[in-house]
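S.K.: This is the structure I want to talk about, given as structure tokens.
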Amino acid sequence: MSEELDREEAVTAATPDVEATERDQAPEAEAPEAEEETPPEQAPEAVAEAPKEVARPETLEGPGDWYVVHTYAGYENKVKTNLHSRIASMQMEDKIFDVVIPMEDVMEIKGGKRQVVQRKVFPGYLMVKMIYDNDSWYVVRNTPGVTGFVSSGTGTKPTPLSPREVEKILAVKQETQAKPQYRLEWEEGDVVRIVAGPFADFTGTIAEINVEQSKLKVLVNIFDRETPVELAFDQVAKA
């Protein structure tokens, strides 16, 4: 009996501790990898917009410069027609490119009626875009009605306009097309006749003119008293 007990103890001692072995052999639990923090989305950097280029008028593009030509007063249109004919007949299209008479739209009041008319900005002058040399000078200068080129100082050589001057002169047309200027046939102190409205056929004296609002103030004699009446430009005519 004692021998059996000794054999069991020996077997027990020889049997390895399975749990201890599993503990010893089990790999260490890996610490969970720290999740990479996703950086907050950065707002896209504001891209500075490039300044918009102001479109240059077509009249400033291409070769050549603008020159001012003096003509006989009242002959501007005829000179322009003659010059175009000479450019074609003398085959100068590669040196003389354009001929312009600066114009502006004007609102005219006549007989109580509004009408838009065109007026020359510089009577007696026109503008020519060209490459200046002896040939182009000859063609322009010898056009009937032309009295000469405009030059600065005492020099005889024509002086071309600067781009700023060209833009300013040719912009007059665009501005007046949007809002024509008024050309009035009367001024403050003039006696006018009212042609429309409740005071039609009355006469009065202009006390104030408001061009921006197209109105004027007229002093009308009502019951032996001068009463200011506000009227539109097209409600009055010269008495």
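Every read-out reported here was derived from the displayed coordinates using simple, explicitly stated rules and does not represent laboratory data. It should be emphasised that the depicted structure is a prediction, and the values quoted were computed from it without experimental measurement. Using ideal geometry, Cβ is built from the backbone for each residue, glycine included, and neighbour counts are taken over all protein chains shown.
S.K.: Which of the pairs Lys80/Lys215; Lys168/Lys217; Lys80/Lys238; Lys129/Lys215; Lys95/Lys120 have their Cα atoms more than 30 Å apart in this structure?
M.R.: Exceeds cut-off: Lys80/Lys215; Lys168/Lys217; Lys80/Lys238; Lys129/Lys215.
S.K.: A further question on this structure: Ranking Tyr132, Tyr67, Tyr138 by Cβ neighbours within 10 Å, fewest first, what do you get?
M.R.: Lowest to highest Cβ neighbour count: Tyr138, Tyr132, Tyr67.
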